[in-house]
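Comments concern the structure below.
The values are calculated or read from the model by the stated rules, or taken from the named source; none is laboratory data. These numbers come from a predicted model, not from an experiment. Virtual Cβ from ideal backbone geometry, glycine too; neighbours counted across all protein chains shown. Side chains included, ligands, DNA and RNA excluded: accessible areas come from the protein's heavy atoms. Shrake-Rupley method; radii C 1.70, N 1.55, O 1.52, S 1.80 Å.
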Amino acid sequence: MNRVSRKPRNCGCWHGLLIVLIWITASASAQTCHSAADMDAQVRTALETTAKRYFDMAARGDSAGLRQNAIPSLAGNFGGIEAAIKDNQPAFAGAQGNVRPPFLLTADGTQPLAHVEFLCGVFGSNGQTKDSAVFVFNGLPPGKYAVAIVDAKGAQDTRTLAMILQQLGADWKLAGFYARSSQVNGHDAAWFVQKAREFKSKGQNRNASLYFREAIMLTSPADFMSTLATDKLFDEAQSAQPPDLPVDGKTVDLNAGGATHKLIAIFPLSVGGDLDLLVRYQASDISNTTQTFQTNISLIKALVAKYPEFRDAFAGVVARAVDPSGQDFGTMLPMKDIK
């Protein structure tokens, strides 16, 4: 299943008394969501027990066990999850895993759903409440799913493991595995929000927007999930969103070295102990790496010359040229070396 990382368009547009929402499409299929308070106690216990068992497997580094308990399509393409288990296993091993109340999602129909939004829990006149959540998926096959989140608090940081479970027969199988730290380079979401507001007060809206984006990422367990907290941050970020950064699939032109390049994406990137700025741009060909390296350098210098505020927020810039096949070639320059 594919993920999207925007705020769902349904959030914040309901009026009247508090209601429990069940979203039904105009087609014959329907999507429903039950929060933990609304589901059968036996089902909730099964979900929480399964989530804790799978977390314990990840904490032991038991990739083989998790693969055996995955849905067939995931088990056949398990490399990404194996890497995530390996990366997070040391942190999980020393942490106490606490399972949050799960959500139960039902997608009816006979064909995969191109785009589906599950509105879970109680919503009010201003949208989400403290116990609600919205889940957004693309290409979701029909079935019964659950979202189970485990908070793993260790000595160094707190990590979340968001798992998508799918019911196959009487079992809940692993259908998605998303591990995320609550900190970047020792800084949590609150720190990034504070810095974003400071940048905004200085008129540095590009820095503010990018730092708000980092805060949203640290606040949400996964890109496909939004909550009251992330919606509030999203709204605040929108007030600082400049028109000249590539977002939501929009490209932006940048002139560098006598050529016009289309920027695909720009976002913060943790590299070692530094926070760098990563910019991805379209390239027709990257086979000549010497030439692509020079183009990357030229683009980095042009970007910082056009937006000098980036010097205040990032330790360096990484440019990645992306060819039509999706292959890329990257170059990094420390900010002090960008003249």
**OP:** May I ask for the angle, rounded to the nearest 10°, between helix 189-201 and the longest principal axis of the chain, with both axes built from Cα atoms and the value confined to 0 to 90°?
**Re:** 40 degrees
**OP:** Please give the helix 41-60 orientation as an angle from the longest Cα principal axis of the chain, in degrees from 0 to 90, rounded to the nearest 10.
**Re:** 40 degrees
Original post:
If you build a Gaussian network model of the chain, linking Cα atoms that sit under 10 Å apart, which residue out of VAL271, VAL99, VAL116 swings the most?
Top reply: VAL271
**OP:** Pop the C-beta distance of ASP312 and ALA83 into the FRET formula with R0 = 35 Å and round what comes out to the nearest 0.05.
**Re:** 0.55
Original post:
Going toward the positive end of the dipole of the range 218-300, with +1 on Lys and Arg Cβ and -1 on Asp and Glu Cβ, which of HIS261, GLN241, PRO221 do you reach last?
Top reply: HIS261
Original post:
What relative contact order, as a whole-number percentage, does the chain give when Cα pairs under 8 Å and 6 or more residues apart are counted?
Top reply: 14 percent
Subject >> Label-reachable residues, the range 147-174, where backbone N falls under 11 Å from a point 7 Å from THR129's Cα toward its Cβ >> reply: none
Subject >> Most mobile listed residue (ASP40, ASP231, ASP328) in the chain, GNM with C-alpha springs under 10 Å >> reply: ASP40
Subject >> Linear extension gain, ALA93 paired with LYS144, 0.36 nm per residue minus alpha-carbon span >> reply: 15.3 nm
Original post:
Could you name the aspartates and glutamates in cross-link range of LYS202, using Cα to Cα under 12 Å and dropping any fewer than eight places away on the same chain?
Top reply: GLU309, ASP312
Original post:
If you roll a 1.4 Å probe over the heavy atoms of the protein chains, what accessible area per residue do you get for the range 200-339, in Å²?
Top reply: 46 Å²
Original post:
At each listed q (0.14, 0.18, 0.22 Å⁻¹), what is the log10 of I(q)/I(0) that the Debye formula gives for the range 210-301 modelled as equal alpha-carbon point scatterers?
Top reply: -0.65, -0.94, -1.17
Original post:
So which residue, out of GLN167, GLN194, GLN111, gets the largest mean-square fluctuation from a GNM of the chain using Cα contacts under 10 Å as springs?
Top reply: GLN111
Original post:
For the residue pair ALA75 and THR110, what label-to-label distance in nm results when each label sits 7 Å from Cα along the Cα-to-beta-carbon direction?
Top reply: 2.8 nm
Original post:
Hey, what D do you get for the range 169-262 in µm²/s if you plug the Kirkwood alpha-carbon radius into Stokes-Einstein at 25 °C and 0.890 mPa s?
Top reply: 160 µm²/s
Original post:
Where nothing but the Cβ of Lys and Arg (+1) and of Asp and Glu (-1) is charged, how large is the charge dipole of the range 198-261 around its Cα centre, in debye to the nearest 20?
Top reply: 160 debye
Subject >> lysines with Cα under 21 Å of LYS250, excluding same-chain neighbours fewer than 8 positions away >> reply: LYS7, LYS262, LYS306
Original post:
Where a Cα-Cα gap under 17 Å defines reach, which lysines qualify for LYS195, not counting those fewer than 8 residues away within the same chain?
Top reply: LYS232
Subject >> Cβ-derived FRET efficiency at R0 41 Å, THR290 paired with ASP235, nearest 0.05 >> reply: 0.35
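Please state, to two decimals, what the Cα-based radius of gyration of the chain comes to when divided by 2.2 N^0.38 Å (N = residues).
This ratio for the chain stands at 1.07.
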**OP:** On a 0 to 90° scale, report how tilted helix 289-306 is relative to the longest principal axis of the chain, with both axes built from alpha carbons and the result rounded to the nearest 10.
**Re:** 90 degrees
**OP:** Compute the normalised compactness of the range 97-230: alpha-carbon radius of gyration over 2.2 N^0.38 Å, N being the residue count.
**Re:** 1.20
Original post:
When the dipole is taken about the Cα centre of the range 271-339, and only Lys, Arg (+1) and Asp, Glu (-1) are charged at their Cβ, what size is it in debye, to the nearest 20?
Top reply: 200 debye
